[in-house]
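J.: Structure below; questions to follow.
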Amino acid sequence: MPKCQLVYGDLFFEDIGAGVPIIFLHPPGMGRKVFRFQKALSNKYRVILPDLSGHGDSTALSSSVSIKKYADEILHLINSLGVEKVVLCGYSSGGSIAQEFALTYPVRTAAVILSGGFAKVESPALKYEHLMGMFFVKNSPNILAKVIATAHTHEQEYRLELINHMLKTNRGTWFHFYQESLNYSCLERLKGLSVPLLLIYGSRDFINQHLRTYERVLAEFKTVLIRKVSHQVPVKKWLEFNSEIANFLDNLKLQR
């Protein structure tokens, strides 16, 4: 599989299909394996699945972790691929990277899709989730990986695949990604978002209360609420999730 060389190591990624490129951005610890079911979109789009530095099969390991640095990694990746514009799809805290990239590099951004996204951690429950993640990364990463994987799937083979991939994550990177996500805010810049935006939430997800932030700040975006699912939409409701992505992008009539 291809690798992108950074100053601090290689970024490992999968590159499948052809057409409008979509880069999927994972949350802390999970790596690209969480997007197993989004590979099906490669029959119509170019699906790019990186392991961010410090994660999965990437050897890249930075001495510091930040949402901005991850956005810069994606810029380096698309430059290495010779791609002019990309669609960014961020899952959970991966959405912070997608928003940062779009706000920093709007001319390189075709659209943004957020699954369970937020511009800032504004609810006590989401803050607590981050703090618990940080605690378990430091004290029991094995338990954390098992809990996260089990929340995403009951299929034993896939659950083990997720656990094994998460446990490849550098512990310091994992911890600081949670910390950076907890403290990150693009709220003051959000009104400057100039690209099409799709927000996807599970109807049972407490994070969907962050939708109000986007409603207060932005005049135009699309929202989809997927029923009978909490936060793990890309895995547990992947058919609906993929369909909504395809519908959104087809309506935009993007050039590859």
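J.: What part of the accessible area of the chain, given as a whole %, is carbon or sulfur when the probe is 1.4 angstrom?
T.: Carbon and sulfur atoms account for 51 percent of the accessible area of the chain.
J.: Between the range 1-57 and the range 167-181, what is the C-alpha centre distance in whole Å?
T.: Each part's Cα centre sits 18 Å from the other's.
J.: Under a 10 Å cutoff between Cα atoms, tell me which one of Lys168, Lys33, Lys222 has the largest fluctuation in the Gaussian network model of the chain.
T.: Lys222
J.: Could you sort the peptides 74-84, 106-116 by per-residue average Cβ neighbour count (10 Å cutoff), highest mean leading?
T.: Result, highest mean Cβ count within 10 Å first: 106-116, 74-84.
J.: Which residues does a label at Leu252 reach in the range 109-138, if reach means a backbone N under 11 Å from a point 7 Å past the Cα toward the Cβ?
T.: 109-114
J.: Please work out whether the chain counts as rounded, prolate or oblate from its C-alpha gyration tensor, where a ≥ b ≥ c are the square roots of the eigenvalues and a/c under 1.5 means rounded, while otherwise a/b larger than b/c means prolate and anything else oblate?
T.: The shape class here is rounded.
J.: A further question follows. Rank by packing, highest mean first: peptides 46-54, 155-163, with packing defined as the count of other Cβ atoms within 10 Å averaged across residues.
T.: Taking the mean over residues of other Cβ atoms within 10 Å, the ranking is 46-54, 155-163.
J.: Find the centroid of the Cα atoms in the range 146-164 and in the range 183-256, then give the distance between the two in whole Å.
T.: Using only Cα atoms to place each centre, the spacing works out to 25 Å.
J.: With the other protein chains left in place, how much accessible area per residue, in square angstrom, belongs to the chain at a 1.4 angstrom probe?
T.: Roughly 43 Å² per residue, with all protein chains present.
J.: Using a Cα distance threshold of under 21 Å, what count of lysine pairs results for the range 1-144 when pairs must be 8 or more residues apart or interchain?
T.: Lysine pairs, 8 or more places apart or on different chains, close enough: 14.
J.: Something else: Give the aspartates and glutamates whose C-alpha is closer than 13 Å to that of Lys222, dropping any in the same chain fewer than 8 places away, or say none.
T.: Within the straight-line cut-off, Lys222 pairs with Glu244.
J.: For the range 183-256, give the magnitude of the charge dipole about the Cα centre (Cβ charges: +1 Lys/Arg, -1 Asp/Glu; no others), in debye to the nearest 20.
T.: 100
The values are calculated or read from the model by the stated rules, or taken from the named source; none is laboratory data. All figures in this text were calculated on a predicted structure; none of them were measured in a lab. Note that each Cβ is placed from the backbone with ideal geometry, even for glycine, and that neighbours are counted across all protein chains shown. Remember, those area values only see protein heavy atoms, side chains included, never the ligands or the DNA or RNA. Shrake-Rupley method; radii C 1.70, N 1.55, O 1.52, S 1.80 Å.
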